[in-house]
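Worksheet: the structure to be examined is printed underneath.
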2 protein chains.
Amino acid sequence: MNTKQQIVELSADMLRSSGFGGFSYLDISRKLGITKASVHHHYPKKQDLGLALCEWAHEWLQQGFEHFDEHGTSSWNKLERYLRAALKHSLGDQKMCPISAFYNDLAKLSQPMKEALIALDDYELDWIEKVMLQGMESGDFHRQEDPRALAALFIFSCKGALYYGRLHGKDLFHQTMKQFEHLIKT
Amino acid sequence: MNTKQQIVELSADMLRSSGFGGFSYLDISRKLGITKASVHHHYPKKQDLGLALCEWAHEWLQQGFEHFDEHGTSSWNKLERYLRAALKHSLGDQKMCPISAFYNDLAKLSQPMKEALIALDDYELDWIEKVMLQGMESGDFHRQEDPRALAALFIFSCKGALYYGRLHGKDLFHQTMKQFEHLIKT
DNA sequence: GTCTATAAATGGATAGAC
DNA sequence: GTCTATCCATTTATAGAC
């Protein structure tokens, strides 16, 4: 893997640990055994790295969704796989999802990064909404007037539980999502 | 108001705008017209200020809950008042709730601050859970096995919607909480 | 309680040699 | 592509005079 790719992969890891403002070019250089100046050669401004990380996050989501679509045996099973992956990648090793990580430093993001972040959110909401609609069609979920609001409710519950779970433990996550399941399943 | 109180009040404002790591002693000193050294005299380490801010947040929550309990005409109305206040203090003037603001910089908080934060979360969850129980008793809400999980679902939905709402607008907040209302009310 | 002065570290960024 | 060297601003924190 070339240096440029290594920088993105490593940054993605630190992004999910500490947020976009939580790691520096010095951190990157030290862990890769190169100098700060070399990192700047590949990504002159940190905003450039930020946009590359948004692309990385998009592919990260895309791969997950394709996998859940392919292996999910029902609408709820697809959501269950989403939750299992979220739990493993978050509380499992004390990291955030990349989207939450960007929101952490929202006030300091440039306008292009904010737009990329909105697109990321919509991409995730689109997938959840699609699964919710499938679940209503198949009769697995109670019919709702506003499937996108239901998708938002699901995402916020999941991410909030992961966010708080870093301090309160994973039981809170399991109990919260079990409550959600109980409310929407027929 | 004496200097020490002014420091806490001003810090609380900046905390909700930018998170705990998002403001500095220089910011405080400039806005109060004193020097950094004077700020350090009142709160030697930033962690000392952080603990004072946790106390401030506790009183902030306490006053809100007392107000909602006193004026709420039903269980749902109490939650509605909570939501209205949250919306006003968050998307209204582009601020976060103090708890979310601390979570923003979770990785950098000292252990005593993390413990204070857990206590804050529990205090908020306790109040919501109590209202959920009242609503079930009175028949306003569907009965649930785990009222604390329902309280967590409510809080995460609300805070997530506020968090995302900073980029996606307040409609997302209204739609999400309307969906929650629809799922729990009889 | 407030000030001046200062320290040591970090963060983002650039110029220019190899 | 990588390095050395450097710049400038910021952040937390302390010592000591008034």
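Structure summary
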{"item": "Relative contact order (%) - segment B:67-186, alpha-carbon pairs under 8 angstrom, separation at least six", "result": "26"}
{"item": "For segment A:69-86, Karplus couplings with θ = phi - 60° (6.51, -1.76, 1.60), whole Hz, Gly/Pro x", "result": "5, 6, 9, x, 8, 7, 4, 5, 5, 5, 5, 4, 5, 4, 5, 5, 5, 4"}
{"item": "Gaussian network model of chain A, springs between alpha carbon atoms under 10 Å - residue of A:His41, A:His174, A:His89 with greatest fluctuation", "result": "A:His41"}
{"item": "Copies compared at B:His67 - label distances in nm, ascending, label defined 7 Å from Cα in the Cβ direction", "result": "4.6"}
{"item": "For B:64-76, mean number of other protein chain Cβ atoms within 10 Å", "result": "0"}
{"item": "Length added when fully stretched, A:Lys88-A:Lys31, from 0.36 nm per residue minus Cα-Cα", "result": "18.1 nm"}
{"item": "Label point distance in nm, A:Ser138-A:Ser110, each placed 7 Å from Cα along Cα→Cβ", "result": "4.3"}
{"item": "Test item: Cα-centred dipole of segment A:46-184, Lys/Arg +1 and Asp/Glu -1 on Cβ, debye", "result": "600"}
{"item": "For B:Phe141, residues with placed amide H under 5 Å, excluding near neighbours", "result": "B:Met136, B:Thr186"}
{"item": "Label geometry 7 Å along the beta-carbon vector: A:His182 inter-copy distances in nm", "result": "2.2"}
{"item": "Reachable lysines, given that their alpha-carbon falls under 30 Å from the alpha-carbon of B:Lys36 and they are not under 8 places away in the same chain", "result": "A:Lys46, A:Lys108, B:Lys4, B:Lys45, B:Lys46, B:Lys95, B:Lys108, B:Lys114"}
{"item": "Note, ³J(HN,Hα) from phi for segment A:45-50, Karplus 6.51, -1.76, 1.60, rounded to Hz, x at Gly and Pro", "result": "10, 5, 4, 4, 5, x"}
{"item": "Residues listed by number, segment A:69-91, amide nitrogen under 17 Å from A:Lys130 label point at 7 Å toward C-beta", "result": "A:69-83"}
{"item": "Label spacing, shortest first and in nm, from A:Lys114 to its equivalents in the remaining copies (7 angstrom along Cα→Cβ)", "result": "3.3"}
{"item": "Evaluated at q = 0.17, 0.20, 0.25 Å⁻¹: base-10 log I(q)/I(0), Debye formula over Cα of segment A:98-164", "result": "-0.68, -0.85, -1.07"}
{"item": "Centroid-to-centroid separation of segment A:114-186 and segment A:53-95 [C-alpha atoms, Å]", "result": "12"}
{"item": "Structure-based [θ]222 nm, chain B - -39500 (n - 2.57) summed over DSSP H runs of at least 4, per residue, nearest 500", "result": "-25000 deg cm²/dmol"}
{"item": "Within straight-line cross-link reach of A:Lys185, lysines at Cα separation under 17 Å, skipping those fewer than 8 residues along the same chain", "result": "A:Lys78, A:Lys130, B:Lys185"}
{"item": "Selected from A:Gln175, A:Ser157, A:Pro147, residue furthest toward positive end of dipole (segment A:121-186; charges at beta carbon)", "result": "A:Gln175"}
{"item": "Computed log₁₀ I(q)/I(0) - Debye formula, equal Cα scatterers, no solvent, the protein assembly as shown, q 0.08, 0.15 Å⁻¹", "result": "-0.43, -1.42"}
{"item": "Average beta-carbon neighbours from other chains, 10 Å sphere, peptide A:144-154", "result": "6"}
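Since every read-out is calculated from the coordinates, none of them should be taken as a lab result. Quick caveat: nothing in here was measured; it's all calculated off a predicted structure. Neighbour counts run over all protein chains shown; Cβ positions are idealised from the backbone, glycine included.
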